[in-house]
Amino acid sequence: MFAFKSNKVLTKILFAAFISLLFIGCGGNSNNEKSSPVSSIYHIVSFYDKDLDLVRTQSVTDEAVINLAVIDSGVWYKAGESTALESYTINESISFYETAGVIEIADQSGLNGIRSNLSGHFILTDDIVLIDSDGFDAQGWLSIGDYNTPFEGILNGNKHTISGLWMNRTASNNEYDGLFGGIANGMVKNLGIETNDDGIQGYNYVGIIAGIITNSTIINSYTDGSVSGRNNVGGIVGFVYNDAKIVSSYSSANVYGAFDGVGGIAGTIQGAPMGISEGSASITDSYTTGDITGAASWVGGIVGNAQRWAVINNCYAKGNISGVSSVGGIAGRVYHSSNITNNVAINNLVFGMSSIGAIVGESGFIGAVNNNTIKNNFALDTMDVVGSLTSGSMGSPKTEINLQTQQTYSDDIDGDGLGGLGWSFGDNDTDFWQMGNYPNLHWE
């Protein structure tokens, strides 16, 4: 469950003049104020920007009148409405949005309703425990959208969790499974998803949040439970494609794949389509703790297969990793100008038959020289690496004590020789990490 410590730093220019917000009825003598009796009843008023990020909350007395027009933008909407408000009398806790028509979701029926408005803006107002009703058939949850008709809006989990997700869709004609089948040009943020004991069982392109994401972002989110399939199976997303990003997120799910592309966060990450000269897809400042098991090739603690300008940076993996070939603590296979830097493999076991490495199992480029960048990666010195090793993929060894020390991950400013990967430690969305026994994300 979420226990967020903070939201985005509340310094947006939009709210530079927020201090002048007038809560009429709480004192003052302007002409447009009206007096109200002293009240012991208080309500919480929240404001969300165009990306559905929370930027301000205020405790307000019952029947106070808020003058919305004094806020910088001067344009605020209630949920589901398209008419901007100038003032509003507060008689309950309420949220205002810079975007018209934002839909608040409090239950399973509302979550299921996303599929009828794939370009909408949605925000959860409560945890949701899924049962076999709205959005389910005999094989479990029906994924929202797919590759051809993806979700293109924003879903802000608002620090809430969706639990009880399950499906069993292993038929050979089935692809793109998760809470969402596909997301394109969209965003999921501040969301936790937990499967039930049956987990998500799919065929190809399977992830707990989405089967595939394209030109989209997942940020400040987590998954837990289990997920399985054949090709491109990940703890968060099956396939991260073409300028898509996963940032400041983690998975503790156990992941299983029968064929190629099995990873703790993503089965495959590919930065550009075939025939396109360059692009970028990335997984940054994220981690996994689940066990990752593949019955074939390309198995990794973060990603199974990273190719065509893929980036994996500032991540760590802790679970046991096992497969047949191209198996790595961070990535199984790395191809075609991809970048694997500043990561840490804390796995106790990386097991396979061929091309096995503590960081990367296989690195190369078909028909040309190896032009990947694999550097500044650390690995637990007691890791049991079993199989035919790949030269140069083992990383720099660090003791468990080293890996439980913040300076191993941050800049080596004290010159104590522990290293330093440049990770940012703090309490906001630019300083992602805080230190526990191992690094945790600031919002956990």
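Being in a loop (DSSP other than H, G, I, E, B), in the same structural domain as Tyr241 (by TED's automatic domain parsing) and under 20 Å from Ile269 (Cβ atoms): is that true of Asp134 here?
no
For the list (1) modelled with pLDDT of 95 or more; (2) under 17 Å from Tyr205 (Cβ atoms); (3) surrounded by fewer than 24 Cβ atoms within 10 Å (Cβ to Cβ), I need the number of the one condition that Pro273 fails.
(1)
Take Gly181 and decide whether it is among the small types (Gly, Ala, Ser), within 17 Å of the chain's Cα centre (by Cα) and either surrounded by fewer than 22 Cβ atoms within 10 Å (Cβ to Cβ) or closer than 24 Å to Ile123 by Cα (or both). Before you say what the answer is, go through the steps one by one.
Values: among the small types (Gly, Ala, Ser): yes; within 17 Å of the chain's Cα centre (by Cα): yes; either surrounded by fewer than 22 Cβ atoms within 10 Å (Cβ to Cβ) or closer than 24 Å to Ile123 by Cα (or both): yes.
In short, yes.
Within the set of pairs 6+ apart or on separate chains, which have a first residue in the range 330-341 that is surrounded by fewer than 24 Cβ atoms within 10 Å (Cβ to Cβ), a second that is part of a strand (DSSP E or B) and hydrophobic (A, V, I, L, M, F, W, C), and C-beta atoms under 6 Å apart?
Asn339/Val311
If you check Ser282 against the conditions, is it within 12 Å of the chain's Cα centre (by Cα), in a strand (DSSP E or B) and either surrounded by fewer than 24 Cβ atoms within 10 Å (Cβ to Cβ) or modelled with pLDDT of 95 or more (or both)?
Spelling it out, Ser282 is indeed within 12 Å of the chain's Cα centre (by Cα), in a strand (DSSP E or B) and either surrounded by fewer than 24 Cβ atoms within 10 Å (Cβ to Cβ) or modelled with pLDDT of 95 or more (or both).
Evaluate the following for Gly211: is it at pLDDT 95 or above, more than 21 Å from Gly110 (Cβ to Cβ) and surrounded by 24 or more Cβ atoms within 10 Å (Cβ to Cβ)?
For Gly211, the condition - at pLDDT 95 or above, more than 21 Å from Gly110 (Cβ to Cβ) and surrounded by 24 or more Cβ atoms within 10 Å (Cβ to Cβ) - is met.
Starting from the range 122-134, keep only residues that are at pLDDT 95 or above and charged (D, E, K, R), then list their pairs with residues that are assigned to a strand (DSSP E or B) and buried (at least 16 other Cβ atoms within 10 Å of the Cβ) whose Cβ atoms are within a distance under 6 Å, requiring at least 6 positions of separation or different chains.
Pairs that qualify, where the first residue is at pLDDT 95 or above and charged (D, E, K, R) and the partner is assigned to a strand (DSSP E or B) and buried (at least 16 other Cβ atoms within 10 Å of the Cβ), are Asp127/His160; Asp127/Thr161.
Considering each residue of the range 77-121, count those that are charged (D, E, K, R) and in contact (Cβ under 8 Å) with a residue 40 or more places away in the chain, and give that number. Let's see the steps before the verdict.
The first filter runs over the range 77-121 and keeps only residues charged (D, E, K, R), leaving 78, 81, 86, 92, 98, 104, 107, 115.
Filter again for in contact (Cβ under 8 Å) with a residue 40 or more places away in the chain, leaving 92, 98.
Looking only at that region, the number is 2.
Please indicate, with yes or no, whether at least one residue in the range 368-387 is hydroxyl-bearing (Ser, Thr, Tyr), crowded, with 19+ Cβ neighbours inside 10 Å and either more than 21 Å from Ile265 (Cα to Cα) or modelled with pLDDT under 95 (or both).
So far as the range 368-387 goes, no, none of its residues is hydroxyl-bearing (Ser, Thr, Tyr), crowded, with 19+ Cβ neighbours inside 10 Å and either more than 21 Å from Ile265 (Cα to Cα) or modelled with pLDDT under 95 (or both).
Just to check your reading of the model, which residue among Trp423, Trp433 is farther than 16 Å from Ile321 by Cα, modelled with pLDDT of 95 or more and touching a strand residue (DSSP E or B) at 6+ places or on another chain (Cβ under 9 Å)? Give the steps one after another, and end with the answer.
Working: Trp423 fails: modelled with pLDDT of 95 or more.
Testing whether each residue is farther than 16 Å from Ile321 by Cα, modelled with pLDDT of 95 or more and touching a strand residue (DSSP E or B) at 6+ places or on another chain (Cβ under 9 Å) leaves just Trp433.
Among the residues of the range 249-262, how many are touching a Phe, Trp or Tyr at 6+ places or on another chain (Cβ under 8 Å) and under 20 Å from Gly225 (Cβ atoms)?
Number of matching residues: 6.
Quick check: is even one residue across the range 141-151 assigned by TED's automatic domain parsing to the domain that holds Tyr256, buried (at least 18 other Cβ atoms within 10 Å of the Cβ), under 18 Å from Ile246 (Cα atoms) and in contact (Cβ under 8 Å) with a residue 60 or more places away in the chain?
Scanning the range 141-151 turns up at least one residue that is assigned by TED's automatic domain parsing to the domain that holds Tyr256, buried (at least 18 other Cβ atoms within 10 Å of the Cβ), under 18 Å from Ile246 (Cα atoms) and in contact (Cβ under 8 Å) with a residue 60 or more places away in the chain.
For every residue, the table says whether it meets (1) under 22 Å from Ala295 (Cβ atoms); (2) outside the structural domain of Leu124 (by TED's automatic domain parsing); (3) without any contact (Cβ under 8 Å) to a residue 40 or more places away in the chain; (4) aromatic (Phe, Trp, Tyr).
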site: Lys159; (1), (2), (3), (4): no, no, no, no
site: Ser163; (1), (2), (3), (4): no, no, yes, no
site: Gly178; (1), (2), (3), (4): yes, no, no, no
site: Met187; (1), (2), (3), (4): no, no, no, no
site: Ile193; (1), (2), (3), (4): no, no, yes, no
site: Ile212; (1), (2), (3), (4): yes, no, no, no
site: Thr223; (1), (2), (3), (4): yes, no, yes, no
site: Ser228; (1), (2), (3), (4): yes, no, yes, no
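Let me spell it out: the conditions are (1) of a type in the set (Asp, Glu); (2) at pLDDT 95 or above; (3) closer than 19 Å to Val311 by Cα, and Glu362 meets all of them except one. Which number is the exception?
(2)
For the subset of the range 155-173 comprising residues that are over 16 Å from the mean Cα position of the chain (by Cα) and crowded, with 23+ Cβ neighbours inside 10 Å, which member is nearest to Ser249 (Cα to Cα)?
Per the stated criteria, the residue is Leu165.
Identify, by number, the condition in (1) over 28 Å from Thr405 (Cβ atoms); (2) touching a helix residue (DSSP H, G or I) at 6+ places or on another chain (Cβ under 8 Å) that Leu380 doesn't meet.
Unmet condition: (1).
The values are calculated or read from the model by the stated rules, or taken from the named source; none is laboratory data. In this text, all values refer to a predicted model and were calculated from it rather than measured experimentally. Ideal geometry is used to build each Cβ from the backbone, glycine not excepted, and the neighbour counts take in all protein chains shown.
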